[in-house]
1. Tally time: how many residues in segment 225-241 are under 15 Å from I179 (Cα atoms) and either in contact with a Lys or Arg (Cβ under 6 Å, 6 or more places away or on another chain) or open to solvent by less than 50 Å² (accessible area, probe 1.4 Å) (or both)?
2. Out of the residues in segment 242-299 meeting the condition of being within 16 Å of the ligand (Cβ to nearest atom) and small (G, A, S), tell me which one is surrounded by the fewest Cβ atoms within 10 Å (Cβ to Cβ).
3. Run E58 past the list (1) part of a helix (DSSP H, G or I); (2) without any contact (Cβ under 8 Å) to a residue 40 or more places away in the chain and report the number of the one that doesn't hold.
4. Can you work out which of the residues in segment 193-224 that are small (G, A, S) and open to solvent by 20 Å² or more (accessible area, probe 1.4 Å) is nearest to L180 (Cα to Cα)?
5. Could you count how many residues in segment 190-231 are within 16 Å of the ligand (Cβ to nearest atom) and in contact with a Pro (Cβ under 8 Å, 6 or more places away or on another chain)?
6. Looking only at residues in segment 123-143 that are among the polar types (S, T, N, Q) and crowded, with 20+ Cβ neighbours inside 10 Å, which one is nearest to the ligand (Cβ to nearest atom)?
7. Name, by its number, the condition in (1) outside the structural domain of N16 (by TED's automatic domain parsing); (2) touching a helix residue (DSSP H, G or I) at 6+ places or on another chain (Cβ under 6 Å) that does not hold for S132.
Amino acid sequence: MKYAKIQGTGSCAPDNVLSNEDLEKIIDTSDEWITTRTGIKQRRIVDKGKYTSDLAMEACIRALDDANMPASELDGIILGTISPDFIFPSTACILQSQLGCGNIMAFDLLAGCSGFQYALHVGNGMICSGQSKNLLIVGAEVLSRIMDYEDRSTCILFGDGAGAVVLTQSDEPGVMSSILNSDGDNWEMLYMPGGGSRIPATEESVKNRDHYLKMNGRDVFKVAVKSLETSSVAAVEKANLKPDDIDLFVPHQANLRIIDAVRKRLDMPEEKVYINLDKYGNTSSASVPIALDEAVKAGRAKEGDIILTAAFGAGFTWGASIFKL
Ligand code: UT7
């Protein structure tokens, strides 16, 4: 039996900080409202001329370095994103070229904020089945380019960043369980209307602000709590573990109130949950791998530890995984 194991982690966030106080100057909001409703204090925003592939590239180089693996040993790149450089070609192909690996499989995967969780699941399956040996699993976003900075209900939430892991074949676990789900019944609750075949870019679509993310936050909130709870419980059970066995929970960083509600439902102490949304806001697909990388580098997640990750996003999509570091 072969397993997939995380051999290295890396992340990258732009230097440029957009604080709650900065947002107070451009929209009708307050640091007090944002902090109490979300837990977010600041987010990072890329400079002009920088793209999703730039952040992803840096996160991948750091993950490969951490794994002590040259890019030439990779046999695939799977990148979760909702803000690719282009709709096509994939941002993963841009990485393939820039990293200087061989002509390996490379593709983007679109699963809302669950993009990394989905990519990890797919990569795990490919490694366990023997199709791949060494994969880069990436979550990368430049959400500031699809944010409407006139919509205070969304623009205060999201930021830019990227995270990556090197997933490699191993005789020992590794990934112990992975659960994915979707429910497209309420896709309009969180989506971007423009840019696809329904509403291509026209002068009118631009005037209608169709190329920006739209969200019904209040309803999304309720589904997020329930979904993160059920998939986390399912992943723990599938791994034949008990919640107590989890050393660290690394949830999608969307809202502190969501994380707290899920933590309480899982009966988990605060010190077992990794939170960094105060610094980055919601970075969608990048949120879990950035948090995981930070937790590893800060010594909060050590070799042999059992980690639970869970994510929820547009689609709706959601999922959770358990792995031994
Ligand atoms: O990662 C993908 C998944 N996404 C999520 O998980 C996001 C889930 N949703 C949320 O995190 C929360 O619903 C929000 C943070 C987006 C909103 O928090 P809320 O407690 O659900 O607020 P609300 O939408 O119910 O709005 C409450 C009030 C409204 O005013 P009225 O109608 O009560 O007078 C809003 O207009 O707060 C107002 N409001 C704001 N006030 C100041 C909305 N946005 C802001 C703002 N600053 N930025």
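1. Step one: filter segment 225-241 for residues under 15 Å from I179 (Cα atoms), giving 226-241.
So of that shortlist, the ones also either in contact with a Lys or Arg (Cβ under 6 Å, 6 or more places away or on another chain) or open to solvent by less than 50 Å² (accessible area, probe 1.4 Å) (or both) come out as 227-229, 231-232, 234-236, 239, 241.
Number satisfying all stated conditions: 10.
2. If we take residues in segment 242-299 being within 16 Å of the ligand (Cβ to nearest atom) and small (G, A, S), then A261 is surrounded by the fewest Cβ atoms within 10 Å (Cβ to Cβ).
3. For E58, the exception is condition (2).
4. Out of the qualifying residues, it is G217.
5. Residues in segment 190-231 being within 16 Å of the ligand (Cβ to nearest atom) and in contact with a Pro (Cβ under 8 Å, 6 or more places away or on another chain): 2 in total.
6. Residue satisfying both the conditions and the ranking: N124.
7. (1)
The values are calculated or read from the model by the stated rules, or taken from the named source; none is laboratory data. Quick caveat: nothing in here was measured; it's all calculated off a predicted structure. We place every Cβ from the backbone using ideal geometry, glycine too, and count neighbours over all the protein chains shown. Please note that ligands, DNA and RNA were not included when accessible areas were found on the heavy atoms of the full protein model with its side chains. Shrake-Rupley method; radii C 1.70, N 1.55, O 1.52, S 1.80 Å.
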